[in-house]
Amino acid sequence: MINLAELGRVFIVCGKTDMRRGIDSLAYIVKKSFNLDPFSGYVFLFCGSRRDRFKALYWDGQGFWMLYKHFENGKLAWPNNERVVRRASHALEAGLYHWSAPL
């Protein structure tokens, strides 16, 4: 069982990701595009082009978890670039911003 309170850093992969990709392909994106270790125990979030579904990739020390969420109603306010994520991150740290998934 994943204890969400104990998870470490969360990385948001900006822009669109092909939601047909599986664990190996998503781990490859993490490694090659961002020079991060997919086996780090961090959580990596990916969003599809329609913004109504996302995937999370997480290594628990024994294997990968791939979580998939599809919203029946609404869409995600998903960032297109790193600048948007940095602004939201600073606002969250200052307690000025509350992020909710579906719009």
**Prompt:** Does any residue of the range 42-52 turn out to be open to solvent by less than 20 Å² (accessible area, probe 1.4 Å), at positive phi and among the small types (Gly, Ala, Ser)?
**Reply:** no
**Asked** Is it the case that some residue within the range 9-24 is at pLDDT 95 or above, surrounded by fewer than 12 Cβ atoms within 10 Å (Cβ to Cβ) and not in a loop (DSSP other than H, G, I, E, B)?
**Response** yes
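Criterion first (closer than 14 Å to Pro79 by Cβ, out of contact with any helix residue (DSSP H, G or I) (no Cβ under 6 Å at 6 or more places or on another chain) and not in a strand (DSSP E or B)) does Arg51 satisfy it? Reasoning before the result, please.
Working: closer than 14 Å to Pro79 by Cβ: yes; out of contact with any helix residue (DSSP H, G or I) (no Cβ under 6 Å at 6 or more places or on another chain): yes; not in a strand (DSSP E or B): yes.
It is true that Arg51 is closer than 14 Å to Pro79 by Cβ, out of contact with any helix residue (DSSP H, G or I) (no Cβ under 6 Å at 6 or more places or on another chain) and not in a strand (DSSP E or B).
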**Asked** Is one or more of the residues making up the range 70-87 more than 23 Å from Glu6 (Cβ to Cβ), at pLDDT 90 or above, over 14 Å from the mean Cα position of the chain (by Cα) and open to solvent by less than 50 Å² (accessible area, probe 1.4 Å)?
**Response** no
**Request:** Would you check if Gly48 is modelled with pLDDT under 85 and more than 22 Å from Leu7 (Cα to Cα)?
**Result:** no
**Total residues in the range 53-65, condition closer than 16 Å to Phe11 by Cα and either surrounded by 16 or more Cβ atoms within 10 Å (Cβ to Cβ) or among the small types (Gly, Ala, Ser) (or both)** = 6
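The values are calculated or read from the model by the stated rules, or taken from the named source; none is laboratory data. Keep in mind that this is a model prediction, so the values were computed, not measured. Neighbour counts run over all protein chains shown; Cβ positions are idealised from the backbone, glycine included. SASA here: full protein model, heavy atoms, side chains in, ligands and nucleic acids out. Shrake-Rupley method; radii C 1.70, N 1.55, O 1.52, S 1.80 Å.
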